[in-house]
Amino acid sequence: MRLCRTEKVILCLSIAFAACFALPATASAMHIMEGYLPIGYSVAWGVICIPFLVYGVKRLQQTVRENRRALILLAMSGAFIFVISSLKIPSVTGSCSHMTGTGLSAMLFGVGTTSILAIIVLIFQSLLLAHGGLTTLGANTFSMGIAGPIFTVILFKAGKKTKVNKMANIFIAAALGDLLTYCVTALQLALAHPSEIGGVVASLVKFLGVFAPTQGPLAIVEGLLTVLIIIGMENFASRELSEIAFSEVK
């Protein structure tokens with residue numbers, strides 16, 4: 001199948017945009033860094049991710065088999081995740097915060113496909129950008145590629161049922177999905193490193209406090225960016241959106 005001129009332009013821009021930010025950097029960020037989790041926790045989170053990833057492979061294969069034109073939207077969704085989750089801003093105590101980008105894919109393709117895009121991005125970031133790590137891949141995949149997208153889809157579907165304005169619904173789902181991701185990451189860290197005084201709860205409060213000053217504004221920015229991306233898709237890739245049944249998120 002040959003891509004039309006508009007599709008080629010969108011694909012090239014997506015790749016170029018991602019490449020512009022693919023610069024090596026060492027980071028201690030909202031992706032849990034290499035070696036920060038005990039091996040038991042690393043394995044456990046990886047095992048938890050397996051059913052979602054298996055389902056995601058099946059959903060991805062089905063999407064590509066039934067609609068080859070969806071490849072352009074998949075490429076854009078993957079590039080969006082890679083780019084904005086690579087943009088880190090300093091938080092406190094030497095850590096960083098960043099957006100996730102998974103809300104867009106979750107609303108377009110569902111949680112299964114998003115988990116696959118997320119783990120691919122996380123592998124590349126850990127190997128090329130020193131962002132995250134291979135031992136913490138399972139934990140990072142669960143928080144960014146599974147938990148956040150699940151919350152996003154739930155909110156998005158609820159907004160549609162209650163007839164919330166479409167763009168407001170997209171903004172709310174993407175922004176709160178980002179916040180839920182950081183809450184899950186904080187919980188993962190708290191479970192692995194409970195405080196000597198107060199245990200997991202005290203540790204959770206501490207980790208939430210680390211990310212809160214920066215993650216709140218970032219969630220708002222991500223919501224706005226997701227709205228703008230979907231507006232652009234509706235203008236330049238409306239046929240592709242209709243063919244993946246965007247109005248009926250799976």
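Note on region 129-183: residues that are of a type in the set (D, E, K, R), surrounded by fewer than 24 Cβ atoms within 10 Å (Cβ to Cβ) and either part of a helix (DSSP H, G or I) or in contact (Cβ under 8 Å) with a residue 12 or more places away in the chain (or both) total 4. Take Lys157 and decide whether it is of a type in the set (Lys, Arg) and within 21 Å of the chain's Cα centre (by Cα). It is true that Lys157 is of a type in the set (Lys, Arg) and within 21 Å of the chain's Cα centre (by Cα). Within region 199-215, the residues that satisfy the criterion of being farther than 9 Å from Ser97 by Cβ and not hydrophobic (A, V, I, L, M, F, W, C) are Gly199, Ser203, Lys206, Gly209. Does Ser77 satisfy being buried (at least 20 other Cβ atoms within 10 Å of the Cβ), at pLDDT below 80 and not β-branched (Val, Ile, Thr)? Judged against the criteria, Ser77 is not a match. It is to be established whether one or more residues within region 98-116 are in a helix (DSSP H, G or I) and either surrounded by fewer than 17 Cβ atoms within 10 Å (Cβ to Cβ) or of a type in the set (Phe, Trp, Tyr) (or both). Looking through region 98-116, at least one residue is in a helix (DSSP H, G or I) and either surrounded by fewer than 17 Cβ atoms within 10 Å (Cβ to Cβ) or of a type in the set (Phe, Trp, Tyr) (or both).
Within region 201-226, take every residue that is over 18 Å from Leu180 (Cβ atoms) and among the aliphatic types (A, V, I, L, M) and give me the one that is surrounded by the fewest Cβ atoms within 10 Å (Cβ to Cβ).
Step by step, filter region 201-226, then rank; the result is Val201.
What about Ala186, is it among the small types (Gly, Ala, Ser) and loosely packed, with under 15 Cβ neighbours inside 10 Å? Spelling it out, it is not the case that Ala186 is among the small types (Gly, Ala, Ser) and loosely packed, with under 15 Cβ neighbours inside 10 Å. The C-beta contact set for region 216-238 (first residue in a helix (DSSP H, G or I), second residue among the polar types (S, T, N, Q) and surrounded by fewer than 20 Cβ atoms within 10 Å (Cβ to Cβ), distance under 6 angstrom, 6+ apart or interchain) comprises Phe236/Thr6.
The values are calculated or read from the model by the stated rules, or taken from the named source; none is laboratory data. Just so it is clear, the structure is predicted and the values come from calculations on it, not from any experiment. Backbone-built Cβ (ideal geometry, glycine too); neighbour counts: all protein chains shown.
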